[in-house]
Every structure is written in C-alpha cells, then in structure tokens.
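Below: one structure, written as structure tokens.
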Amino acid sequence: MSKYLGIDSSTQSITGLLIDTDNNTIVAEESINFDEHFKAAYGVENGVFDLGNGAVHSAPLMWAEALDLLLQTLKDQGHDLSEIDAIAGSGQQHGTVYLNNTAALALQNISSAFPLKDQLAGIFSRDTTPIWMDTSTSAQCAEIEDGVGGQDKLLELTGNTAFERFSGPQIRKFYQTEPDAYNNTAYIGLVSSYIASLLVGKLVGVDPGDGSGTNMMDIAAREWSPTALDATAPDLTDKLLPIAPSGQAIGTISHYFMGRYGFTKDCLVLPFSGDNPSSLIGLGLVTPGQVALSLGTSDTLFACMDQPRTSKTGEGAVFASPDGEHYMALTCYLNGSLAREAVRDIYHFDWGSFAEALRITVPGNNNGLILPYFSPEIVPKVSEPSVVRQDLNEADAKANIRAVIEAQALSSSIHARWMGVDISSLYVTGGASANAEILRVYADVHNCPVHRFETANSAALGAALRAAHGHQSATGNAVSWQETVAPFTKPVAGSTIKPDKDAVAVYREMIIEYEALEKAHTVAN
Ligand code: ADP
Ligand code: XUL
C-alpha cells in the first residue's frame, strides 16, 4: 500500500488530501475552516485579522490547533494514518512566522498527551503574523529596492520587484516598528516551513518555491541572497535556516504525531512549499507553457516556464517550481473570492442564484463595467478599496454580479500578457471552480477551452504528489514528474467548457473598454 498525505495551510482553511498511488485514487479530502472552528477563540474573520491601514494578520497558534483538528478528523473518519509513507505540504505564500529562542526545544520535547496549542503558546516572538493580504509596506519595498541598488537589481537577483505582501518588506517593517520583539526573534519562517517544523519536531528551512516569494532569495542559485538580506534587516542570516531543496526529506514525523495519530516512525516529511507552487504540481504543470487559474481566496493565474521570465512592470511574480527544475510565472489578485462574496452578499444571493444570474445575463453586460476593488488590489496596484461602475446601475443585482466576473476574467487576460505565453487552454482549480457559469466567462474571454479537475484543492494534491515523488526517490524507486502527476491530473470527463464564438467577439471589444477604465482609475504597477 502506498499512501501519501498533502496538507495545505491556506488563508481560510487547512486541507488534508490523502492519495493512494497503487490505484491512483484520492482516498480522503478534508478541510477545517478557520472561521467555523476558531472564530470565537481567535476572533478571525475569513481566517484573518484586518488591523487597519492595510495591515492584515493571522494567528500561527490557530494554524497549529487546526492541524491537530485536521489529523484528528482524518483519524476519526477511520483512515489508518500508519499507512502513510510520506507527507508534504504547502502554505499560503509570503506570511512570516516569528519564533523566540524557546521554540527549538519546545518542538523537540513536545508531549503527545496534550494538544499543540497547550504546549506552543510560548514559542512566538510575535503572536500575530502578517499574511499575503497585507499591503502596508510600500515604504519598506522602496527602501529594499534602494538598498540593493535599485528595482532592476532586485528583479535580476530575486526574480521579483518588491511587493508589499512579500516576506522581506514585512520583516523590515517588523524590525523598524518593533525592534525589541525583532531582537527576541530566533527564527523567522514562512507559513509553509512553520507547519513543516511542527510535523518533524524541529525548525526547518523554507523551500525554493516559497523562498522566491520573499524578495530575499537568489532565484538562480536557489539560496538566500546576502545582498537582499542586508537590505532587509540586520542579523537576518542568524534568524533564517538555509533553503531546503524541495525534493529532499527534512526528516521523519515527530513522536508527537506518532503517539497521537498513529503515524509510524518511517513516515517521511518533505519540505512544505507555497500554495501556488504546489498547485503547479497538483494541476500537472510540469512542462513549460502550460497555464492554470486558481479561484481561491486570491485569484491567481500561473504558467510553468523553462527560465525565470520576470515582470518589470511589477504585475507578476516568479517562483521556483518545487519540481526542482522549472519556474512559475504568477499574477495574483487580492479581490478573488472576497470580491465575489462581497457582491453575492450585498444583493443577498447564494452561489446557486449567483450562477443563475450569470446564466440569464448576456456576455458584455450591455456595456456595464465595474472595477471590483472591494479590498485594496495587488494587480493593478490599488491601495484603498474603490468600486467604480461605468454604465452599470448599482441597483441591478444580476448585472453587478456579471460585471464582477467579467472584470476578473478581463483583468486576468490583460495582466497575463507579461508572461509571454499563448494561452491555448486553462486548467482551473480553487473553491470557485465549482461554478461552471464563472468558468464559461473565462473560456469566452480567453478564447480557449477551460478544464476542471476532480479536486478544487490542487495545492493539497500537489503536496501529496510531491510526497509520493520524494518518497519514491528516497527509496530508490524514482519516477519522472510526468509519470507522478499524470494519473491524478486528468480533467473531469465532460467538464471542459469551450468558448462561444459570439461571446468571444463581444469580449474582444470589451477588453479595450475595460483596460481604458482600469488605466483611468489606477496607477501602473
Ligand atoms: P483558499 O484555499 O484560498 O482558502 P479555496 O480555494 O478553498 O480558498 O476557495 C474557497 C472559496 O471558494 C470560498 O471562500 C467561496 O468564496 C468560494 N466558493 C465555494 N463555492 C463556490 C461557488 N459555487 N461559486 C463561487 N465561489 C464558490
Ligand atoms: C501569491 C499570493 C496568494 C497567496 C494565498 O503571491 O499572495 O495567492 O499565496 O493563496
């Protein structure tokens, strides 16, 4: 029996996905929603705290508690966790976790008699932690770019211009605003490496996939860049562990998880990566040129590339692929599901009537347009929420719903140009990919077929596949990435949505209008 577990610690939930590679099936898929279980205890809303002025944080202790609940739930459902050969995982990207000098020992001595939350509360040098939705670090972005010798230099070195949500600017802000707490920090990890550290019972490093989302990693060498670290904060090298190659196990599962959930001592743990790099694998994008779309809390459009093609305009980000070989190009929108939920809730719709609204309104929306920045936006850069309507009556619920989806799809086309790939098909994942009416708009805007997958949890699936690939390599049974991903990444039969040629023609015109509206109301990134 060959079973592998993928864990994705995301913005609103933590997901576990268990695969069996003997018969190529997903045998378990379970999510723990943070608001549902922890809103009362931690006060999160949509998994986060909005602290104002663009600062958005979450609670790393809550993520540990959620990990316990996830594994307990899988065990209670009757899954025999002793059958799992290896675990890998992913985390929402960029979020930083700050631990003090008691953390290493606390992880090592943890007792399986008590839950993680009772034993780990003292390990943090910062109780809440900034996540990818945080837009409060524009000043630090400029300072870091200056510090390395300019924006072009940072781009050349790390693959990315400075982004507010990236870890480096966030670390710099912490150092500047809370110098004592910064000095009390012994270890800085990302969401990914923090959850991996819990599993192996020792502090572990960040993988290149997530390291490339920090503005601190030399993208060519896949190692921390001393120049970028110096420009970020003092003594940073001492607080970071070396980058951990994505394909090599970081250890075996700790006695805590063996005692509590029945894992065996041989269960390998692979480095965790970012959720988007993990989705690249989970959608089978191991060949350059393939493109996918994730409609989660954030919406992301991404492609697999041979070389790190960079975005000088700051529209896109480049990450190392956890396949150890390729790169991914990514455009990330903050107003993904949260904007869809905003318009759904304003008009008191549910997802059923939301889909119906899309079904009965016409492509092009009778020229009604919206800029759907219910929250600040990453692409294009918008620092304050601002919703702009053109030829659109705010009272017309159905037209507003269509306008939001059309805006998101048109924007995904405009801001994919920098990737330089010809989008001939789109592989779609994330919670909103369940909604075929949304996917229809994407098929028509991009003029290509859209494929849906069995699971919307592609990051967790990618992690499970990475666990399989890593375990097989470690035990002398290495298989190619193509062979690893192929059986699990076939689109659901009959799910493909083909473009409609009349709608395609409408959107070809509409994109010009939309781009003009966007340009009139935003600054270039
Ligand atoms: P994340 O991994 O970022 O936490 P998910 O990929 O799990 O997010 O997506 C969760 C989101 O999917 C929910 O917040 C919800 O807005 C959205 N969603 C779920 N079902 C539908 C649907 N039928 N139509 C549109 N959106 C949906
Ligand atoms: C990517 C990004 C988000 C997070 C949360 O750069 O910020 O997609 O990874 O999913």
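The values are calculated or read from the model by the stated rules, or taken from the named source; none is laboratory data. Source: prediction; values computed, not measured. FYI the Cβ positions are ideal-geometry reconstructions off the backbone, even for glycines, and counts take in every protein chain you see. Just so you know, the surface numbers come from the protein's heavy atoms only, side chains and all, with ligands and any DNA or RNA stripped out. Shrake-Rupley method; radii C 1.70, N 1.55, O 1.52, S 1.80 Å.
Across all Cα pairs in the range 112-267, the calculated P(r) in 5 Å bins from zero up to the longest distance comes to 2, 9, 17, 20, 19, 14, 9, 6, 3, 1, 0 percent per bin.
Each principal axis of the Cα atoms in the chain has its own extent, and those three values, largest first, are 64, 53, 45 angstrom. Residue-wise HN-Hα couplings along the range 245-251, as the Karplus relation 6.51 cos²θ - 1.76 cosθ + 1.60 with θ = phi - 60° gives them from phi, are x, 4, x, 9, 4, 9, x Hz; Gly and Pro carry x. Per residue, the Cα convex hull of the range 1-107 amounts to 131 Å³. Entry for the range 286-389 at q = 0.12, 0.13, 0.14, 0.24 Å⁻¹: log10 I(q)/I(0) = -0.54, -0.62, -0.70, -1.25, Debye formula applied to identical alpha-carbon scatterers, no solvent contribution. Over all other residues within a Cβ to Cβ distance under 13 Å of SER495, the charged ones net out to +3, with Lys and Arg as +1 and Asp and Glu as -1. Projecting the Cα atoms of PHE263, SER311, SER273 onto the charge dipole of the chain, computed from C-beta unit charges around the Cα centre, puts PHE263 farthest toward the positive end. With the Kirkwood sum run over all distinct C-alpha pairs, the range 174-228 has a hydrodynamic radius of 12.5 Å. Estimated from the Cβ-Cβ distance and a Förster radius of 30 angstrom, the FRET efficiency linking VAL504 and ALA28 is about 0.15. Principal axis extents of the C-alpha atoms in the range 297-339 (largest first, rounded to whole Å): 35, 24, 10. Seen from all directions on average, the range 363-460 presents a Cα convex hull projection of 7.3 nm². Specify the inter-centroid distance of the range 141-169 and the range 405-454, based on alpha-carbon positions, in whole Å. The range 141-169 and the range 405-454 have Cα centres separated by 29 Å. Taking the dipole about the Cα centre of the chain, with the C-beta of Lys and Arg at +1 and of Asp and Glu at -1, give me whichever of GLN170, ALA493, PRO245 is farthest to the positive side. So the residue furthest toward the plus end is ALA493. Lys and Arg at +1, Asp and Glu at -1: add these up for the other residues within a Cβ distance under 12 Å of GLY368 and post the number. Net of charged neighbours comes to -2. Restricting the calculation to Cα atoms, every distinct pair contributes to the Kirkwood radius of the range 94-185, found to be 14.8 Å. Between the helical axis of 458-474 and the longest alpha-carbon principal axis of the chain there is an angle of about 40 degrees.
Helix 167-177 and the longest principal axis of the C-alpha atoms of the chain enclose an angle of approximately 70°. Heavy-atom accessible area, probed at 1.4 angstrom with all protein chains present, ranks GLU356, GLU315, GLU325 as GLU325, GLU356, GLU315, highest first. Quarter the surface of the alpha carbon convex hull of the range 1-63 and you get the mean projected area, 5.1 square nanometres. The charge dipole of the range 399-524, taken about the Cα centre with unit charges on the Cβ atoms of Lys, Arg (+1) and Asp, Glu (-1), comes to about 280 debye, rounded to the nearest 20. Computed from Cα positions, the angle between helix 436-446 and the longest principal axis of the chain comes to roughly 70 degrees.
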